[in-house]
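The structure appears below as structure tokens.
The values are calculated or read from the model by the stated rules, or taken from the named source; none is laboratory data. Model, not experiment: these values are computed from the prediction. In this analysis, Cβ positions are derived from the backbone assuming ideal geometry, glycine residues included, and neighbour counts consider all displayed protein chains. For accessibility, only protein heavy atoms count, side chains too; no ligands or nucleic acids. Shrake-Rupley method; radii C 1.70, N 1.55, O 1.52, S 1.80 Å.
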Amino acid sequence: MVGVEQWAEIRRMHRVERLSIREISRRTGLHRKTIRRALAAGTPPRYSRPRAASKLDPFKDWICEQLRSDPSMQSLRLREMAIELGYGGGKTIFDDFVREVRPRFQVRRTFQRTIYRPGELVQCDLWEPRDKVPVGHGQTRRGWVVTAELCWSRVIVGALIFSKQAPDILWGLGRCLERIGALPEKLVWDREGAIHAAGGRPTDEFAAFCGQLGVGWIILDAGDAQAKGALERSHRFMRTNFEPGRRFANSLDFQLQLDGWCDRVNQRVHRTVRAVPAERLLEERERMQPLPATMPDTDHRFVVRVPQQPYLRVDRNDYSIAPTFAGRRVEVRVSQTAVMAVVLDTGELACSHRRSFAGGLTVTDPSHQNELDLQRARRRQRHEVDVEVRPLARYDQLIPA
């Protein structure tokens, strides 16, 4: 049999050097019929022989019938059933055949490649750091990061929060949009409790937030995390690149380091879009809506009556209120940085404190403490009785000499 190299040499001598079959036969020592067959063959010669019969052949159709009725049936169970029917072959050839034909009967979910338009979508989610975040007073606290990533430019930003309530999540989302510098057409969220209500509808807080900004929303179906795959991959990158080797002094230090990390990442070439996200953002902003003059108010508000012990419980801490307003109703406003209370009927400021994310603290304003001390002193004076002190000369006059 002529080898591949000899077959190629025969064709070269005939077509390039224009040698006759007789001359090629003389040079190679091959018979002229062998040379003619080599010239007539359009493909290189290869060794082949008839396939030998296998002990599996009588069971192939039976295996396909079983997989058609139950595509998830394990190969081990199929082989046990085949042995009962007389199969005497080996395990490897049986398992290999099952592995080869099983995809014919399985209905696999397929995914299309998504193409985004500039400014179309921002994927949003919560990412939880591995370690708790220091919050002062020797305490640490579980935190989450509201993350947002533009689908076209792949710019990513984040904001640290300490609860999954709607005011905190919406504040973090607003901060992310401010970092981006423009508004997309729609926000993509999964079924987070503060975002998604029953029946696939948005919560009132989230709908009001989007309505004030003039943006739409997409709430993904349950179990459809692949629709937010760009941000999920960024979360994996944050776990392996942002967290390792870092130490944080407090929540502000965490946020500063996160912002710096995002700025550096956005300056690198993204392997999916093969471009620098920060540069693409400049082009994307031209097709996005501008930010409003003021972002929506996301502070947590509630009304409470000031107790006789004038302190207000907010997020595991007690904050003092001016004792002069005891018994009156105040509207409390809790932001990420401050705790304030305003008297409802007069609009007077009842308290203003810097918010602390540590727990078990009692925060007292010095002016409130002074007022408490004055009130306590006045109450003590009311209980004191003035006793007349007579001079001793009067007693001398009453006693006879």
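Comparing ALA230, ALA275, GLN255 along the charge dipole axis of the stretch 211-297, the residue lying farthest to the positive side is ALA275, per the Cβ-charge model. In this structure, GLN74 and LYS164 have a Cβ-Cβ separation that, at R0 = 51 Å, corresponds to a calculated FRET efficiency of about 0.80.
Summarising the label geometry, the points placed 7 Å from Cα in the beta-carbon direction at ARG287 and LEU374 lie 6.4 nm from one another. For VAL276, the residues 5 or more places off, or on other chains, whose built amide H falls under 5 Å of its own are HIS270. May I ask you to give the percent of accessible area on the stretch 8-158 that is carbon plus sulfur, with a probe radius of 1.4 Å? Ligands and nucleic acids excluded, carbon and sulfur reach 49 percent. Three principal axis extents of the stretch 74-152 based on alpha-carbon atoms, in descending order, are 74, 44, 15 Å. To the nearest ten degrees, helix 60-69 and the longest principal axis of the Cα atoms of the chain are 30 degrees apart. Whole-Hz Karplus values for the stretch 88-99 come out as x, x, x, 6, 5, 5, 5, 5, 4, 5, 4, 4 Hz, taken residue by residue from phi with 6.51 cos²θ - 1.76 cosθ + 1.60 and θ = phi - 60°; glycine and proline positions read x.
As a test of the formula, what do you get for the chain when each DSSP H run with n ≥ 4 contributes -39,500 (n - 2.57) and the sum is divided by the residue count, at 222 nm and rounded to the nearest 500 deg cm²/dmol?
Using -39500 (n - 2.57) per qualifying helix, the result is -11000 deg cm²/dmol.
So how far, in whole Å, is the C-alpha centre of the stretch 114-190 from the one of the stretch 51-85? Using only Cα atoms, the two centres lie 52 Å from each other.
For the chain, the alpha carbon convex hull comes to 347 Å³ per residue, rounded to a whole number. Label-to-label distance for ILE21 and ALA197 is 8.9 nm, based on points extended 7 Å past Cα in the beta-carbon direction.
Across the chain, where is the longest run that never hits chymotrypsin sites (Phe, Trp or Tyr not before Pro) in a DSSP loop with at most 10 other C-beta atoms within 10 Å? Please report the intermediate quantities before stating the final value.
Values: sites that count: TYR47, PHE111.
Counting only loop sites that pass the neighbour cut-off, the longest clear stretch is 112-401.
Only alpha carbons enter this Debye calculation for the stretch 168-302, each as an equal point scatterer, and the log10 of I(q)/I(0) it gives at q = 0.10, 0.15, 0.17, 0.19 Å⁻¹ is -0.41, -0.95, -1.22, -1.43. Taking amide hydrogens as placed 1.01 Å from N in the peptide plane, the amide H of THR140 sits under 5 Å from those of VAL135, each at least 5 positions away in sequence or on another chain. On a per residue basis, the chain carries 62 Å² of accessible surface, using protein heavy atoms and a 1.4 Å probe. Here the Gaussian network model covers the chain, with springs between Cα atoms less than 10 Å apart; of ARG68, ARG109, ARG32, ARG32 fluctuates the most. Only bridges whose two residues both fall in the chain count here: according to DSSP, what percent of them are antiparallel, nearest 5? Just about 80 percent of them are antiparallel. Of all the options LEU19, LEU372, LEU67, the one that moves most in a Gaussian network model of the chain with Cα springs shorter than 10 angstrom is LEU19. Each residue of the stretch 152-158 was assigned a 3J(HN,Hα) from its phi angle through the Karplus expression (A = 6.51, B = -1.76, C = 1.60, θ = phi - 60°), giving 8, 7, 6, 6, 10, 9, x Hz with x at Gly and Pro. With the convex hull of the Cα atoms taken as the outline of the stretch 1-62, the averaged projected area works out to 5.9 nm².
Building the convex hull from the alpha-carbon atoms of the stretch 301-401 and averaging its projection over directions returns 10.2 nm². Think of each Lys and Arg Cβ as +1 and each Asp and Glu Cβ as -1; about the Cα centre, that makes the dipole of the chain roughly 3300 debye. Legend: residues ARG247, ARG236, sorted from most to least accessible area (1.4 Å probe; ligands, DNA and RNA excluded), read ARG247, ARG236. Ranking VAL265, THR346, ALA393 by Cα position along the charge dipole of the chain, where only Lys, Arg, Asp and Glu carry charges on their C-beta atoms, puts VAL265 farthest toward the positive end.
Expressed per residue, the C-alpha convex hull volume of the stretch 237-378 stands at 166 Å³.
Each part gets one Cα centre, and for the stretch 284-303 versus the stretch 191-266 those centres are 16 Å apart.
Starting from the stretch 245-286, pick out the GluC sites (Glu not before Pro) whose DSSP state is loop and whose Cβ has at most 16 other Cβ atoms within 10 Å.
Those that pass, being in a loop and sparsely packed, are GLU286.
In sequence order, the stretch 162-172 has phi-based couplings of 10, 7, 9, 6, 4, x, 6, 5, 5, 4, x Hz under the Karplus curve 6.51 cos²θ - 1.76 cosθ + 1.60, θ = phi - 60°, and Gly or Pro positions carry x. Remark: accessible surface ordering of THR298, THR147 (largest first) is THR298, THR147, probe radius 1.4 Å.
If you count Lys pairs in the chain whose Cα atoms are under 20 Å apart, skipping same-chain pairs closer than 8 places in sequence, the total is 5.
Out of all Cα-Cα pairs in the stretch 108-251, roughly what percent, to the nearest whole number, are more than 21 Å apart?
Looking at the stretch 108-251, the distances longer than 21 Å represent 45 percent of pairs.
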